[in-house]
Amino acid sequence: MKQYEAVIQALEKLGGIGTLGQLNQETMKIKNCAWNTKTPFASIRRIVQTNKDIYKIKPGLYALERYRNELEHKGIFQETNENKNSNEILEFNHYYYQGLLLTIGKMKGLKTFSPNQDKNKKYLELKLNDLRTLETIPVFSFPNLVKRSSTIDVIWFNEREMPHSFFEVEHKTDIQNSLLKFNDLRDFYTRMIIVSDGSRKSEFNSKMKYSSFKDLLHYKRVAFLDYEELNKQYENLLIQQKFELIL
């Protein structure tokens, strides 16, 4: 079997759509394909970027052309310069990255939560409720603070059910709203992260200089994570799962 045929077969097994990390895993399970290289994942990346039967939906997410109509019927559209600000793309991106964060949190052995109003939203073929490990937010503090936290896009909790990380996905909405939320929760010893397109990093830096957020800035309480980096970390985690020992 040729290498591109193995990648296409792997995509078919994934239902016609998959992240690059999933493709790396699934393609390597196909036994009758010789890679003859020390960097098969680089070869897979090249194939999905150049093969005419595969198209990129967004960075790190690929699909088979013959599944395009079926996927669009499900609300999964290829992102382009022309449609990137459409309601369909904005909604898909928000829940896609929420789902990715929930998936990564679980891979790290943490408990995960996303708001109840989002539980029926889709991450590819799965509902966010199927990805989060907690159906109700732990009562880790005073009721008003727990209630404030319950609207955060994704929370990772440690084994004591205390917040490990807060994530707000900001595709097009105002970053300032998330910073206000984080500012209300600044007394917790937890990471606070804005997840967005890399093009919004300058906006994030500008908003962080507002006087209202002087403590967040001074103590470096909030970090910015762009989508590309999030995808790379997800792919690396999938690779690490093959190792018996992580140094």
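Just one of the listed residues (147, 172, 201, 207) is closer than 22 Å to residue 128 by Cα, surrounded by 13 or more Cβ atoms within 10 Å (Cβ to Cβ), among the basic types (Lys, Arg) and out of contact with any Gly (no Cβ under 7 Å at 6 or more places or on another chain), namely 172. Within the stretch 150-164, being in contact with a helix residue (DSSP H, G or I) (Cβ under 8 Å, 6 or more places away or on another chain) and buried (at least 20 other Cβ atoms within 10 Å of the Cβ) holds for 152, 153, 154, 155, 156, 163. For the stretch 154-210, the set of residues classified as outside any loop (DSSP other than H, G, I, E, B), in contact with a Ser or Thr (Cβ under 9 Å, 6 or more places away or on another chain) and among the hydroxyl-bearing types (Ser, Thr, Tyr) consists of 165 only.
Which one is most open to solvent (accessible area, probe 1.4 Å), of the residues in the stretch 104-127 that are within 21 Å of residue 190 (Cβ to Cβ) and touching a strand residue (DSSP E or B) at 6+ places or on another chain (Cβ under 8 Å)? The extreme case among them is 106. Residue 227 meets the stated requirement of being closer than 30 Å to residue 27 by Cβ and of a type in the set (Ser, Thr, Tyr). Scanning the stretch 2-17 for residues that are open to solvent by 80 Å² or more (accessible area, probe 1.4 Å) and either in a loop (DSSP other than H, G, I, E, B) or over 16 Å from residue 66 (Cα atoms) (or both) gives a single hit, 2.
Of all residues in the stretch 75-97, those that are free of Cβ contacts under 8 Å to residues at least 24 places away in the same chain have Cβ atoms under 8 Å from Cβ atoms of residues that are open to solvent by 40 Å² or more (accessible area, probe 1.4 Å) and outside any loop (DSSP other than H, G, I, E, B), 6 or more apart or on another chain, in 77/88; 78/56; 78/68.
Looking at 113, 92 in this structure, which one is out of contact with any Gly (no Cβ under 8 Å at 6 or more places or on another chain) and among the aromatic types (Phe, Trp, Tyr)?
The unique qualifying residue is 113.
Might you let me know whether the stretch 38-49 holds any residue that is of a type in the set (Ser, Thr, Tyr), open to solvent by 60 Å² or more (accessible area, probe 1.4 Å) and not in a helix (DSSP H, G or I)? Within the stretch 38-49, one or more residues are of a type in the set (Ser, Thr, Tyr), open to solvent by 60 Å² or more (accessible area, probe 1.4 Å) and not in a helix (DSSP H, G or I).
Is it fair to say residue 227 is hydroxyl-bearing (Ser, Thr, Tyr) and either touching a residue at least 60 places away in the same chain (Cβ under 8 Å) or surrounded by 14 or more Cβ atoms within 10 Å (Cβ to Cβ) (or both)? So residue 227 passes the test. Being open to solvent by less than 40 Å² (accessible area, probe 1.4 Å), part of a loop (DSSP other than H, G, I, E, B) and either at pLDDT below 95 or within 21 Å of residue 231 (Cα to Cα) (or both), is that true of even one residue in the stretch 91-98? Taking every residue of the stretch 91-98 in turn, none turns out to be open to solvent by less than 40 Å² (accessible area, probe 1.4 Å), part of a loop (DSSP other than H, G, I, E, B) and either at pLDDT below 95 or within 21 Å of residue 231 (Cα to Cα) (or both).
Within the stretch 211-235, the set of residues being farther than 26 Å from residue 58 by Cβ and assigned to a helix (DSSP H, G or I) comprises 211, 212, 213, 214, 215, 216, 217, 218.
The values are calculated or read from the model by the stated rules, or taken from the named source; none is laboratory data. Note that this is a predicted model, so its numbers are computed, not measured. Quick reminder, even Gly has a Cβ in these numbers, built from the backbone with ideal geometry, and neighbours come from all protein chains shown. Calculation scope for accessible area: heavy atoms of the full protein, side chains included, ligands and nucleic acids excluded. Shrake-Rupley method; radii C 1.70, N 1.55, O 1.52, S 1.80 Å.
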